[in-house]
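A.B. asks: This is the structure I want to talk about, given as structure tokens.
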Amino acid sequence: MSEHVVTTYTELMAGIQAQVGQLGLKLTDFDDLAGFPAGLSGKVFGMLQVKRLGPEKLFDALRAAGLRIRLEIDPEQEARMRARIADNYNPRQANQSRPGHAASPASTAVLSRVFKPLARMGGKARWADKSKKERSQHMKAIANARWKKERQAAKKRKRVSRVKAQAAAHHAMNEAERQVQA
């Protein structure tokens with residue numbers, strides 16, 4: 001396959017489909033080769049293009065077809081974009097940039113998804129060399145700490161409710177005194 005200039009998703013899909021044809025693969029075999037669910041290639045490369053490939057699956061398809069992407073500057077398009085930028089947007093000022101700051105910090109959801117498997121491996125390794133008695137003692141300590149925390153929370157709730165009851169009684173006495181004086 002010779003080099004093709006691709007500027008749209010449809011052109012990219014047509015290029016991948018042409019390469020699959022040159023390889024002599026059926027789409028069902030290409031599904032297996034790319035690691036796709038059965039029938040996905042027919043929906044993606046078919047005439048109606050019922051489904052579209054996301055970024056990860058797109059690169060899986062490129063690798064399975066033996067293709068790669070090379071990014072290069074399109075001089076005509078770059079000139080058009082520079083003209084639009086000059087007409088419609090203010091240039092970025094040097095004092096606007098914040099060195100050392102990411103555009104968006106990693107969220108806790110992302111971090112937990114990344115580190116959870118590592119934590120699981122660490123936990124398994126930690127328990128692997130412990131005896132049954134040591135594991136049991138550790139679990140008892142964890143349970144005792146949980147129950148101690150629960151007892152303290154219950155005690156605090158009880159104390160708060162007692163203070164509220166005293167405040168309500170005090171308020172009722174004051175109201176009664178006001179009514180007697182009136």
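The values are calculated or read from the model by the stated rules, or taken from the named source; none is laboratory data. Quick caveat, the model's predicted, so the values are computed rather than measured. Please note: Cβ atoms are built from the backbone with ideal geometry, for glycine as well, and neighbour counts cover all protein chains shown. Note: areas computed on protein heavy atoms with side chains; ligands, DNA, RNA excluded. Shrake-Rupley method; radii C 1.70, N 1.55, O 1.52, S 1.80 Å.
A.B. asks: Give me the residue from the stretch 60-86 that is closer than 30 Å to L23 by Cβ and assigned to a helix (DSSP H, G or I) and, out of that set, most open to solvent (accessible area, probe 1.4 Å).
C.D. replies: Filtering the stretch 60-86 for residues closer than 30 Å to L23 by Cβ gives 60-72, 74.
Subsequent filtering for residues that are assigned to a helix (DSSP H, G or I) retains 60-64.
On the way: D60: 43, A61: 0, L62: 7, R63: 150, A64: 19 Å².
If we take residues in the stretch 60-86 being closer than 30 Å to L23 by Cβ and assigned to a helix (DSSP H, G or I), then R63 is most open to solvent (accessible area, probe 1.4 Å).
A.B. asks: Report yes if some residue within the stretch 128-150 is at pLDDT below 85, surrounded by 10 or more Cβ atoms within 10 Å (Cβ to Cβ) and either of a type in the set (S, T, N, Q) or part of a helix (DSSP H, G or I) (or both); otherwise report no.
C.D. replies: No: zero hits.
A.B. asks: Could I ask something else about it? Among all residue pairs at least 6 apart or on different chains, which show Cβ distances below 7 Å where the first residue, located in the stretch 32-51, is under 13 Å from T10 (Cβ atoms) and the second is open to solvent by 100 Å² or more (accessible area, probe 1.4 Å) and β-branched (V, I, T)?
C.D. replies: none
A.B. asks: Across the stretch 19-59, what is the total count of residues that are closer than 30 Å to I73 by Cα, assigned to a helix (DSSP H, G or I) and open to solvent by 50 Å² or more (accessible area, probe 1.4 Å)?
C.D. replies: 7
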